[in-house]
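Here's the structure we're looking at; comments come further down.
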Amino acid sequence: MTTDKSSEVNQIKRVFKLLQLLHEPKYSVISLAKLFNVGRQTIYRDLELLEELGYFVDKKNNKYFIFEATPKTTFTEEETGLLHECIASISNSTPLKLSILKKLSASSYIAPQSDELKDKHLGTIVQKLQVAINSECSVKLINYHSLNTEEIKDRFVTPLKLSLDYSTLSAIETGKEKTYKVKRITDVEIQYDKKTGIRKAMNVDVFGCSSTESISIHLYLSKRAFQLFYEEYPSARVYLSKHKELNDFPYELKLDVQNYAGIGRWCLGLIGELKVIDDEGLRNYLNERLKIGGEF
């Protein structure tokens, strides 16, 4: 039991160190194994754990790195030390000194964060809230946990907007505008307009297309197609994952769309960079516009 516990602790330490090391393609599995004094299989297991935690691990010339849509600029350890020395010479009575030191520490050593929306459940909640906002519908926030009152109960609100990082919802409740943490919402139930009777709300997909019916799409993506989708549609990153079926298309995208127009435009801009696995209607839609068969 003690050995197993020690092994888990060592893996946690390695994973945190990997988060610092893999910001660029600099280390191979062999070099990482030597650095940590472990076997190659141990490093492979650590890399798999990183992916399970929501990080996209990629490699270039057999050297591994964590893919980020926008690489962060950080200070080196030497640069940070010099800046600390310079700032330390400033009088403590200067109100900005403490604030600068805090930001300096954060920007230098913080590990890259896995997207909050990598949680598929949170992604689904955000999608429902966006549908309600676009459709101007009220919603029931099921079992919302309020830290102010320590209550867990349903809240009936009219959603107004989501924050840029999708972590906070602004909504009207009992005539007042309030904010709600998305991660404290158990589920969302869209409410129908009582004045007009029951109606089916229009869903809006990631490409901005709307309808009352959804179509399930499954694509295999090249690294380029994956990177483009990752950067262009941050709220839908939850629907991306890696697979081992085709080396040229190592990523897959599974999501629902409302029609073929939006997803079709995106696919037509990436001919040769993706494979349509499902559905057949999308494949026919793309081939019809290309006027050739078998491309997708």
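In the range 254-270, which residues are assigned to a helix (DSSP H, G or I) and not small (Gly, Ala, Ser)?
Result: Tyr260, Ile263, Arg265, Trp266, Cys267, Leu268.
Tell me which residues, restricted to the range 166-204, are part of a loop (DSSP other than H, G, I, E, B) and at pLDDT 80 or above.
Ser167, Thr174, Gly175, Ile185, Thr186, Gln191, listed by residue number.
Out of the range 247-275, which residues are surrounded by 14 or more Cβ atoms within 10 Å (Cβ to Cβ) and over 20 Å from Asp205 (Cβ atoms)?
Phe249, Pro250, Glu273, Lys275
Can you give me the number of residues within the range 1-30 that are in a helix (DSSP H, G or I), at pLDDT 85 or above, of a type outside the set (D, E, K, R) and surrounded by 13 or more Cβ atoms within 10 Å (Cβ to Cβ)?
Qualifying residue count for the region: 5.
Out of Gly262, Gly281, report the one residue that is in contact with a Gly (Cβ under 9 Å, 6 or more places away or on another chain) and either charged (D, E, K, R) or over 25 Å from Phe67 (Cα atoms) (or both).
Step by step, each of Gly262, Gly281 is checked, and only Gly262 is in contact with a Gly (Cβ under 9 Å, 6 or more places away or on another chain) and either charged (D, E, K, R) or over 25 Å from Phe67 (Cα atoms) (or both).
The values are calculated or read from the model by the stated rules, or taken from the named source; none is laboratory data. Quantities reported herein were computed from a predicted structural model and do not represent experimental measurements. Neighbour counts are summed over all protein chains in view; Cβ atoms, including those assigned to glycine, are modelled from backbone coordinates with ideal geometry.
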